[in-house]
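Contents: one structure, followed by commentary.
The values are calculated or read from the model by the stated rules, or taken from the named source; none is laboratory data. Computed from a predicted structure; not experimentally measured. Don't worry about glycine lacking a Cβ; one is built from the backbone with ideal geometry, like all the others, and counts go over all protein chains shown. Keep in mind that these areas ignore ligands, DNA and RNA; they rest on the heavy atoms of the full protein, side chains included. Shrake-Rupley method; radii C 1.70, N 1.55, O 1.52, S 1.80 Å.
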Amino acid sequence: MKKTACLAALLLLLATVSVACRSSAVSESTTESTTDKKMVTVGFSQLGAESDWRRTNTESMQSALSEENGFKLIYKNGQQKQANQVTALRMFIQQEVDYIVLAPETETGWDFVLKEAKDAGIPVIIVDRRVDVQDRSLYTCWVGSDFELEGQKMTTWLHEFTEKNSIAPEDVHIVNIQGTLGSTAQIGRTRALNNAVRDYGWDLLASESGDFTEVRGKEVMASFLRKYDNINVVYCENDNEAIGAIAAIEAAGKKAGPDILNGEIMVVSFDGINKDARQYLKEGKISCIAECNPLHGPRVQALIETLERGETPEQFNYVAETLFSSLTDITSITVGTETYAVEIEK
Ligand code: GZL
(Lines give C-alpha, C1' and ligand atoms only; values in the text may rest on other atoms or scores of the structure.)
Protein backbone atom coordinates (compact mmCIF):
# COMPACT_ATOMS: atom_id res chain seq x y z
CA MET A 1 0.00 0.00 0.00
CA LYS A 2 2.80 2.32 1.11
CA LYS A 3 4.74 1.60 -2.12
CA THR A 4 1.70 2.48 -4.22
CA ALA A 5 1.20 5.73 -2.31
CA CYS A 6 4.89 6.66 -2.83
CA LEU A 7 4.65 5.84 -6.54
CA ALA A 8 1.48 7.93 -6.89
CA ALA A 9 3.16 10.85 -5.08
CA LEU A 10 6.24 10.52 -7.33
CA LEU A 11 4.06 10.46 -10.49
CA LEU A 12 2.12 13.53 -9.23
CA LEU A 13 5.43 15.33 -8.58
CA LEU A 14 6.74 14.45 -12.06
CA ALA A 15 3.46 15.58 -13.67
CA THR A 16 3.61 18.91 -11.75
CA VAL A 17 7.23 19.55 -12.74
CA SER A 18 6.59 18.76 -16.44
CA VAL A 19 3.52 21.08 -16.55
CA ALA A 20 5.56 23.84 -14.89
CA CYS A 21 8.35 23.37 -17.49
CA ARG A 22 5.88 23.39 -20.38
CA SER A 23 4.11 26.51 -19.13
CA SER A 24 7.42 28.31 -18.60
CA ALA A 25 8.49 27.10 -22.06
CA VAL A 26 5.18 28.46 -23.42
CA SER A 27 5.65 31.73 -21.57
CA GLU A 28 9.30 31.87 -22.76
CA SER A 29 8.26 31.09 -26.33
CA THR A 30 5.43 33.62 -26.00
CA THR A 31 7.94 36.06 -24.55
CA GLU A 32 10.32 35.05 -27.34
CA SER A 33 7.63 35.52 -30.00
CA THR A 34 6.68 38.86 -28.42
CA THR A 35 10.37 39.82 -28.42
CA ASP A 36 10.63 38.72 -32.08
CA LYS A 37 7.59 40.83 -32.96
CA LYS A 38 8.88 44.00 -31.16
CA MET A 39 5.99 46.37 -31.88
CA VAL A 40 7.12 49.80 -33.01
CA THR A 41 5.11 52.50 -31.23
CA VAL A 42 4.29 55.51 -33.39
CA GLY A 43 2.61 58.71 -32.24
CA PHE A 44 0.86 60.28 -35.27
CA SER A 45 -0.34 63.90 -35.03
CA GLN A 46 -2.69 64.54 -37.97
CA LEU A 47 -3.69 68.17 -38.57
CA GLY A 48 -7.41 67.62 -39.01
CA ALA A 49 -10.14 66.19 -41.24
CA GLU A 50 -10.89 69.23 -43.42
CA SER A 51 -10.98 67.48 -46.80
CA ASP A 52 -11.29 64.20 -48.67
CA TRP A 53 -7.55 64.36 -49.17
CA ARG A 54 -6.95 64.52 -45.43
CA ARG A 55 -9.33 61.69 -44.62
CA THR A 56 -7.73 59.50 -47.31
CA ASN A 57 -4.29 60.37 -45.93
CA THR A 58 -5.35 59.36 -42.41
CA GLU A 59 -6.78 56.04 -43.65
CA SER A 60 -3.55 55.34 -45.54
CA MET A 61 -1.46 55.97 -42.41
CA GLN A 62 -3.72 53.83 -40.19
CA SER A 63 -3.75 50.86 -42.58
CA ALA A 64 0.05 50.95 -43.07
CA LEU A 65 1.02 51.52 -39.43
CA SER A 66 -1.16 48.60 -38.27
CA GLU A 67 -0.63 45.87 -35.68
CA GLU A 68 -0.29 43.21 -38.34
CA ASN A 69 2.54 45.29 -39.84
CA GLY A 70 4.22 45.42 -36.42
CA PHE A 71 3.10 48.89 -35.27
CA LYS A 72 1.24 50.26 -32.30
CA LEU A 73 -0.26 53.52 -33.61
CA ILE A 74 -1.39 56.34 -31.35
CA TYR A 75 -3.44 58.71 -33.55
CA LYS A 76 -4.37 62.25 -32.57
CA ASN A 77 -6.51 64.60 -34.72
CA GLY A 78 -5.39 68.22 -34.23
CA GLN A 79 -8.70 69.62 -35.54
CA GLN A 80 -6.88 72.29 -37.54
CA LYS A 81 -5.22 73.78 -34.44
CA GLN A 82 -1.44 73.82 -34.05
CA ALA A 83 -1.84 74.05 -30.25
CA ASN A 84 -3.60 70.67 -30.27
CA GLN A 85 -0.78 69.18 -32.31
CA VAL A 86 1.87 70.55 -29.92
CA THR A 87 -0.07 69.01 -27.00
CA ALA A 88 -0.21 65.68 -28.84
CA LEU A 89 3.54 65.71 -29.50
CA ARG A 90 4.23 66.43 -25.82
CA MET A 91 1.97 63.50 -24.89
CA PHE A 92 3.85 61.20 -27.28
CA ILE A 93 7.13 62.30 -25.66
CA GLN A 94 5.70 61.49 -22.20
CA GLN A 95 4.61 58.09 -23.51
CA GLU A 96 8.17 57.51 -24.83
CA VAL A 97 6.98 56.43 -28.28
CA ASP A 98 9.57 55.04 -30.69
CA TYR A 99 8.72 57.54 -33.46
CA ILE A 100 6.65 60.69 -33.91
CA VAL A 101 4.94 61.34 -37.26
CA LEU A 102 3.70 64.92 -37.73
CA ALA A 103 1.41 66.25 -40.48
CA PRO A 104 1.73 69.97 -39.64
CA GLU A 105 -1.15 72.41 -40.15
CA THR A 106 1.20 75.29 -41.03
CA GLU A 107 4.95 75.66 -41.44
CA THR A 108 6.05 77.78 -38.47
CA GLY A 109 6.00 77.42 -34.66
CA TRP A 110 7.46 73.92 -34.33
CA ASP A 111 11.04 74.60 -33.15
CA PHE A 112 10.45 74.21 -29.40
CA VAL A 113 8.38 71.04 -29.38
CA LEU A 114 10.61 69.37 -31.99
CA LYS A 115 13.62 70.23 -29.81
CA GLU A 116 11.83 68.51 -26.89
CA ALA A 117 11.36 65.40 -29.05
CA LYS A 118 15.01 65.50 -30.13
CA ASP A 119 16.18 65.87 -26.51
CA ALA A 120 14.01 62.85 -25.66
CA GLY A 121 15.77 60.88 -28.43
CA ILE A 122 12.57 60.35 -30.44
CA PRO A 123 13.00 60.57 -34.25
CA VAL A 124 10.37 62.75 -35.97
CA ILE A 125 9.06 62.12 -39.49
CA ILE A 126 7.22 65.02 -41.15
CA VAL A 127 4.50 64.02 -43.64
CA ASP A 128 2.70 66.10 -46.32
CA ARG A 129 3.23 69.79 -45.49
CA ARG A 130 6.64 71.06 -44.35
CA VAL A 131 7.94 72.66 -41.16
CA ASP A 132 10.05 75.83 -41.31
CA VAL A 133 12.61 75.39 -38.50
CA GLN A 134 16.03 76.93 -37.87
CA ASP A 135 17.67 73.54 -37.31
CA ARG A 136 16.76 70.87 -39.87
CA SER A 137 18.20 68.17 -37.63
CA LEU A 138 15.06 68.60 -35.51
CA TYR A 139 13.39 66.11 -37.84
CA THR A 140 14.78 62.95 -39.40
CA CYS A 141 12.99 63.10 -42.76
CA TRP A 142 9.96 64.36 -44.71
CA VAL A 143 7.74 62.79 -47.36
CA GLY A 144 5.19 64.66 -49.48
CA SER A 145 4.46 66.59 -52.64
CA ASP A 146 6.23 69.41 -54.46
CA PHE A 147 3.36 71.87 -54.17
CA GLU A 148 4.96 74.64 -56.20
CA LEU A 149 5.56 72.15 -59.01
CA GLU A 150 1.89 71.15 -58.82
CA GLY A 151 1.02 74.82 -59.32
CA GLN A 152 3.58 75.21 -62.13
CA LYS A 153 2.07 72.24 -63.96
CA MET A 154 -1.40 73.73 -63.57
CA THR A 155 -0.43 77.23 -64.74
CA THR A 156 1.55 75.79 -67.64
CA TRP A 157 -1.51 73.78 -68.66
CA LEU A 158 -3.65 76.97 -68.40
CA HIS A 159 -1.13 78.89 -70.52
CA GLU A 160 -1.20 76.10 -73.14
CA PHE A 161 -5.01 76.29 -73.11
CA THR A 162 -5.02 80.05 -73.75
CA GLU A 163 -2.45 79.69 -76.55
CA LYS A 164 -4.35 76.87 -78.31
CA ASN A 165 -7.61 78.80 -78.07
CA SER A 166 -6.14 82.20 -79.03
CA ILE A 167 -7.13 83.77 -75.74
CA ALA A 168 -5.16 86.94 -75.04
CA PRO A 169 -3.51 87.00 -71.59
CA GLU A 170 -5.29 90.22 -70.69
CA ASP A 171 -8.61 88.40 -71.30
CA VAL A 172 -7.85 85.88 -68.51
CA HIS A 173 -9.60 87.25 -65.42
CA ILE A 174 -8.65 84.84 -62.61
CA VAL A 175 -9.47 84.51 -58.91
CA ASN A 176 -7.58 82.28 -56.47
CA ILE A 177 -9.41 80.42 -53.70
CA GLN A 178 -6.37 79.63 -51.58
CA GLY A 179 -5.81 76.81 -49.10
CA THR A 180 -5.05 77.24 -45.41
CA LEU A 181 -2.80 80.31 -45.23
CA GLY A 182 0.72 79.42 -44.16
CA SER A 183 0.43 75.75 -45.14
CA THR A 184 3.05 74.48 -47.57
CA ALA A 185 0.39 73.43 -50.09
CA GLN A 186 -1.06 76.95 -50.10
CA ILE A 187 2.33 78.65 -50.20
CA GLY A 188 3.54 76.59 -53.17
CA ARG A 189 0.34 76.66 -55.21
CA THR A 190 -0.18 80.40 -54.64
CA ARG A 191 3.45 81.22 -55.49
CA ALA A 192 3.15 79.30 -58.78
CA LEU A 193 0.01 81.22 -59.74
CA ASN A 194 1.43 84.62 -58.80
CA ASN A 195 4.57 83.91 -60.85
CA ALA A 196 2.45 82.82 -63.84
CA VAL A 197 0.31 85.97 -63.59
CA ARG A 198 3.53 88.01 -63.67
CA ASP A 199 5.08 85.98 -66.53
CA TYR A 200 2.02 85.56 -68.76
CA GLY A 201 0.25 88.85 -68.07
CA TRP A 202 -3.03 87.41 -66.74
CA ASP A 203 -5.44 89.62 -64.77
CA LEU A 204 -5.49 88.33 -61.16
CA LEU A 205 -8.59 89.90 -59.64
CA ALA A 206 -8.39 88.53 -56.07
CA SER A 207 -7.00 85.84 -53.78
CA GLU A 208 -8.65 84.67 -50.55
CA SER A 209 -8.39 81.54 -48.40
CA GLY A 210 -11.11 78.90 -48.58
CA ASP A 211 -9.21 76.88 -45.95
CA PHE A 212 -9.36 73.75 -48.18
CA THR A 213 -13.04 73.27 -47.32
CA GLU A 214 -16.18 73.10 -49.50
CA VAL A 215 -18.18 75.46 -47.29
CA ARG A 216 -15.57 78.22 -47.35
CA GLY A 217 -14.90 77.62 -51.05
CA LYS A 218 -18.56 78.33 -51.78
CA GLU A 219 -18.64 81.42 -49.54
CA VAL A 220 -15.46 82.89 -51.04
CA MET A 221 -16.62 82.25 -54.62
CA ALA A 222 -20.02 83.80 -53.90
CA SER A 223 -18.32 86.91 -52.54
CA PHE A 224 -16.04 87.09 -55.60
CA LEU A 225 -19.06 86.85 -57.92
CA ARG A 226 -20.77 89.70 -56.08
CA LYS A 227 -17.66 91.83 -56.46
CA TYR A 228 -16.47 91.00 -60.02
CA ASP A 229 -18.60 90.48 -63.14
CA ASN A 230 -15.73 89.41 -65.42
CA ILE A 231 -14.30 86.32 -63.68
CA ASN A 232 -13.58 83.58 -66.26
CA VAL A 233 -11.05 81.35 -64.42
CA VAL A 234 -11.14 80.07 -60.81
CA TYR A 235 -7.92 78.54 -59.42
CA CYS A 236 -9.03 76.39 -56.46
CA GLU A 237 -6.22 75.10 -54.25
CA ASN A 238 -8.08 71.86 -53.56
CA ASP A 239 -11.06 69.84 -54.83
CA ASN A 240 -13.35 70.56 -51.89
CA GLU A 241 -13.03 74.29 -52.57
CA ALA A 242 -13.71 73.64 -56.27
CA ILE A 243 -16.96 71.81 -55.47
CA GLY A 244 -18.04 74.72 -53.29
CA ALA A 245 -17.05 77.23 -55.96
CA ILE A 246 -19.09 75.42 -58.63
CA ALA A 247 -22.12 75.45 -56.33
CA ALA A 248 -21.72 79.24 -55.99
CA ILE A 249 -21.24 79.68 -59.76
CA GLU A 250 -24.43 77.75 -60.52
CA ALA A 251 -26.34 79.50 -57.72
CA ALA A 252 -25.44 82.77 -59.45
CA GLY A 253 -26.96 81.48 -62.70
CA LYS A 254 -23.58 81.06 -64.40
CA LYS A 255 -21.94 78.00 -65.97
CA ALA A 256 -18.69 76.27 -65.00
CA GLY A 257 -16.86 75.20 -68.16
CA PRO A 258 -13.93 75.86 -70.52
CA ASP A 259 -15.71 78.19 -73.00
CA ILE A 260 -14.38 81.26 -71.21
CA LEU A 261 -14.76 83.71 -74.13
CA ASN A 262 -18.49 82.97 -74.19
CA GLY A 263 -19.41 83.46 -70.57
CA GLU A 264 -18.36 80.16 -68.99
CA ILE A 265 -16.10 80.13 -65.92
CA MET A 266 -13.21 77.64 -66.08
CA VAL A 267 -12.53 75.86 -62.76
CA VAL A 268 -9.14 74.22 -62.11
CA SER A 269 -8.21 72.37 -58.91
CA PHE A 270 -5.74 70.23 -56.94
CA ASP A 271 -5.85 66.76 -55.31
CA GLY A 272 -7.90 64.43 -57.57
CA ILE A 273 -9.23 62.37 -54.63
CA ASN A 274 -12.81 63.59 -54.29
CA LYS A 275 -15.25 61.46 -56.35
CA ASP A 276 -17.52 64.41 -57.14
CA ALA A 277 -14.58 66.42 -58.39
CA ARG A 278 -13.50 63.58 -60.67
CA GLN A 279 -17.09 63.36 -61.99
CA TYR A 280 -17.10 67.14 -62.55
CA LEU A 281 -13.88 66.65 -64.51
CA LYS A 282 -15.60 64.15 -66.81
CA GLU A 283 -18.54 66.54 -67.23
CA GLY A 284 -16.25 69.49 -67.99
CA LYS A 285 -17.31 71.52 -64.94
CA ILE A 286 -13.70 71.20 -63.76
CA SER A 287 -11.23 71.49 -66.65
CA CYS A 288 -8.01 70.33 -65.01
CA ILE A 289 -6.93 68.77 -61.68
CA ALA A 290 -3.29 68.62 -60.53
CA GLU A 291 -2.84 65.35 -58.66
CA CYS A 292 -1.81 65.58 -55.01
CA ASN A 293 -1.25 62.04 -53.78
CA PRO A 294 -2.37 61.39 -50.14
CA LEU A 295 -1.27 57.74 -49.85
CA HIS A 296 1.70 58.39 -47.59
CA GLY A 297 1.07 55.44 -45.21
CA PRO A 298 3.27 52.89 -47.02
CA ARG A 299 5.92 55.59 -47.59
CA VAL A 300 6.11 56.42 -43.88
CA GLN A 301 6.11 52.70 -43.04
CA ALA A 302 9.11 52.19 -45.36
CA LEU A 303 10.96 55.15 -43.80
CA ILE A 304 10.45 53.75 -40.28
CA GLU A 305 11.54 50.29 -41.39
CA THR A 306 14.69 51.82 -42.90
CA LEU A 307 15.42 53.56 -39.60
CA GLU A 308 14.67 50.36 -37.67
CA ARG A 309 17.37 48.64 -39.73
CA GLY A 310 19.81 51.32 -38.58
CA GLU A 311 19.98 52.84 -42.06
CA THR A 312 19.61 56.54 -42.94
CA PRO A 313 16.79 57.50 -45.34
CA GLU A 314 16.85 60.53 -47.64
CA GLN A 315 15.79 63.58 -45.64
CA PHE A 316 13.41 64.84 -48.36
CA ASN A 317 11.25 62.30 -50.23
CA TYR A 318 9.07 63.70 -53.04
CA VAL A 319 6.07 61.91 -54.55
CA ALA A 320 5.61 61.75 -58.36
CA GLU A 321 2.26 63.18 -59.50
CA THR A 322 0.34 63.88 -62.71
CA LEU A 323 -2.34 66.14 -64.22
CA PHE A 324 -5.90 65.06 -65.07
CA SER A 325 -8.02 66.86 -67.68
CA SER A 326 -11.16 66.32 -69.75
CA LEU A 327 -9.93 68.58 -72.55
CA THR A 328 -8.27 66.38 -75.17
CA ASP A 329 -6.09 68.95 -76.97
CA ILE A 330 -3.38 69.15 -74.28
CA THR A 331 -1.77 65.74 -73.73
CA SER A 332 1.48 66.88 -72.09
CA ILE A 333 3.08 69.97 -70.56
CA THR A 334 6.70 70.92 -69.94
CA VAL A 335 7.90 72.63 -66.78
CA GLY A 336 11.56 73.62 -66.99
CA THR A 337 13.27 70.63 -68.58
CA GLU A 338 10.69 68.04 -67.47
CA THR A 339 7.71 66.96 -69.59
CA TYR A 340 4.63 65.56 -67.88
CA ALA A 341 1.84 63.56 -69.51
CA VAL A 342 -1.72 64.80 -68.95
CA GLU A 343 -4.14 61.96 -68.17
CA ILE A 344 -7.27 62.62 -70.25
CA GLU A 345 -10.50 61.62 -68.48
CA LYS A 346 -13.71 61.65 -70.54
C1 GZL B 1 -1.70 68.76 -49.70
C2 GZL B 1 -2.54 68.83 -48.46
C3 GZL B 1 -3.73 69.69 -48.71
C4 GZL B 1 -4.65 69.13 -49.79
C5 GZL B 1 -5.95 69.53 -49.24
O6 GZL B 1 -0.71 67.82 -49.54
O7 GZL B 1 -1.80 69.37 -47.38
O8 GZL B 1 -4.47 69.73 -47.50
O9 GZL B 1 -4.40 69.65 -51.07
C10 GZL B 1 -5.76 69.18 -47.79
O11 GZL B 1 -7.06 68.87 -49.80
O12 GZL B 1 -6.77 69.69 -47.02
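Quick check on segment 36-56: of everything there that is away from the ligand (no atom under 12 Å from the Cβ) and charged (D, E, K, R), which residue is farthest from Asp271 (Cα to Cα)?
In this case the residue turns out to be Asp36.
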**Unmet requirement for Glu208, which otherwise passes all of (1) within 17 Å of Asp271 (Cβ to Cβ); (2) open to solvent by 20 Å² or more (accessible area, probe 1.4 Å)** = (1)
**Message:** For segment 57-66, which positions are more than 9 Å from the ligand (Cβ to nearest atom) and in a helix (DSSP H, G or I)?
**Reply:** Thr58, Glu59, Ser60, Met61, Gln62, Ser63, Ala64
**Prompt:** Taking segment 97-124 only, how many residues are of a type in the set (A, V, I, L, M, F, W, C), more than 15 Å from the ligand (Cβ to nearest atom) and closer than 18 Å to Ile304 by Cβ?
**Reply:** 7
**Prompt:** When Arg226 is evaluated against the numbered criteria (1) touching a helix residue (DSSP H, G or I) at 6+ places or on another chain (Cβ under 9 Å); (2) more than 12 Å from the ligand (Cβ to nearest atom); (3) open to solvent by 20 Å² or more (accessible area, probe 1.4 Å); (4) more than 16 Å from Ala277 (Cβ to Cβ), which criterion, by number, is the only one it fails?
**Reply:** (1)
**Residue tally, condition open to solvent by less than 10 Å² (accessible area, probe 1.4 Å) and either more than 12 Å from the ligand (Cβ to nearest atom) or assigned to a strand (DSSP E or B) (or both), over segment 140-152** = 4
**Request:** State the number of residues belonging to segment 303-331 that are among the small types (Gly, Ala, Ser), open to solvent by 20 Å² or more (accessible area, probe 1.4 Å) and either at positive phi or in contact with a helix residue (DSSP H, G or I) (Cβ under 9 Å, 6 or more places away or on another chain) (or both).
**Result:** 1
**Asked** Among the numbered criteria (1) within 16 Å of the ligand (Cβ to nearest atom); (2) closer than 22 Å to Gly151 by Cβ; (3) of a type in the set (Asp, Glu), which single criterion is violated by Glu338?
**Response** (1)
**Top-ranked residue in segment 57-86 [being closer than 19 Å to Trp110 by Cα and among the small types (Gly, Ala, Ser); ranked as surrounded by the fewest Cβ atoms within 10 Å (Cβ to Cβ)]** = Ala83
**Request:** Mind counting the residues in segment 229-246 that are among the small types (Gly, Ala, Ser) and within 11 Å of the ligand (Cβ to nearest atom)?
**Result:** 1
**Complete:** Among the residues of segment 160-205, the number that are away from the ligand (no atom under 12 Å from the Cβ), of a type in the set (A, V, I, L, M, F, W, C) and either assigned to a helix (DSSP H, G or I) or open to solvent by 20 Å² or more (accessible area, probe 1.4 Å) (or both) is 9
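Arg216: open to solvent by 50 Å² or more (accessible area, probe 1.4 Å), farther than 24 Å from Pro104 by Cα and outside any strand (DSSP E or B), yes or no? Walk me through how you get there before you give the answer.
Values: open to solvent by 50 Å² or more (accessible area, probe 1.4 Å): yes; farther than 24 Å from Pro104 by Cα: no; outside any strand (DSSP E or B): yes.
No, not satisfied.
Please go through segment 275-290 and pick out each residue that is within 9 Å of Asp239 (Cβ to Cβ) and crowded, with 22+ Cβ neighbours inside 10 Å. Write out each step before concluding.
Residues of segment 275-290 that are within 9 Å of Asp239 (Cβ to Cβ), as a first pass: 276-278, 280, 286, 289.
Scanning segment 275-290 gives Ala277, Tyr280, Ile286, Ile289.
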**Selection count where residues are under 12 Å from Leu47 (Cβ atoms), aliphatic (A, V, I, L, M) and either touching a His at 6+ places or on another chain (Cβ under 7 Å) or surrounded by fewer than 21 Cβ atoms within 10 Å (Cβ to Cβ) (or both), scope segment 87-130** = 1
